[in-house]
Structures are given as structure tokens and as C-alpha cells.
Amino acid sequence: MTDIPSPPSGWTEAAKEAAAELGLETDWSALDAPDWARLCRRAGEILGGQGHALAPGWDGALARALGRPDPVAVPDELARDTANTVLAEKGEVFAPEDDA
């Protein structure tokens with residue numbers, strides 16, 4: 001992933017445009033993962049149409065600029081739930097702070 005400290009001019013506007021087109025709210029931190037992915041895809045299409053070259057990690061820079069947690073930094077809840085289910089099926093006790 002490329003470290004992009006802050007997105008270039010026009011990226012947040014593209015996100016707002018994408019949200020409007022998709023009928024999504026602009027409370028960025030409240031968007032669930034599937035809606036955020038849809039928004040990023042559409043914003044990427046808008047930016048590509050404007051001639052922006054999007055480097056790997058661009059969506060993380062956009063997330064930070066919009067005050068949304070970077071998806072790379074957020075733990076995978078599904079993976080943790082799956083691991084806890086495996087432990088429970090084996091009859092092992094686990095706690096939220098366990099490394100499952």
C-alpha cells in the first residue's frame with residue numbers, strides 16, 4: 001500500500017458527489033463497510049474520469065481526510081467472530097481480550 005498523507009484537491013468533492021449519486025449519507029463514519037466500498041468505487045470512477053491516477057491506498061487517504069477510520073487499521077470483526085466460534089465449538093473458553 002502506498003502511504004498518501006492527504007488526498008489531492010477534488011477527492012472529497014468526488015466522495016460527496018458519489019454519495020449523492022448513490023443516495024448515501026455524508027456521515028462518513030456511519031457508513032457500513034458495503035456502502036463505504038460502493039462509495040469508494042464510485043468516487044474512484046469519478047476521479048478516474050477527471051484524470052486522477054489512483055495509487056494503491058488512495059481509499060485509506062480518502063477515509064482519513066473524511067474522518068473515517070482507515071479500513072486497514074480497523075480489526076477484522078468477522079475474522080475475530082469466526083475464530084471465537086471455532087474456540088466455542090471446541091469447548092474452549094475465550095474472552096474479548098483473548099487473541100483468537
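The values are calculated or read from the model by the stated rules, or taken from the named source; none is laboratory data. Note that the structure is a prediction, hence the values are computed from the model and not measured. Reconstructed Cβ throughout: ideal geometry from the backbone, glycine too, with neighbour counts over all protein chains shown. Protein only, heavy atoms only, side chains kept; ligands, DNA and RNA dropped before computing areas. Shrake-Rupley method; radii C 1.70, N 1.55, O 1.52, S 1.80 Å.
Among the criteria (1) within 14 Å of Gly10 (Cα to Cα); (2) surrounded by 13 or more Cβ atoms within 10 Å (Cβ to Cβ), the one Gly57 does not fulfil is (1). Among the residues of segment 28-35, not a single one is open to solvent by 60 Å² or more (accessible area, probe 1.4 Å), at pLDDT 70 or above, touching an Asp or Glu at 6+ places or on another chain (Cβ under 7 Å) and assigned to a helix (DSSP H, G or I). Of all residues in segment 60-74, exactly one satisfies the criterion of being at pLDDT 85 or above and open to solvent by 80 Å² or more (accessible area, probe 1.4 Å), namely Arg64.
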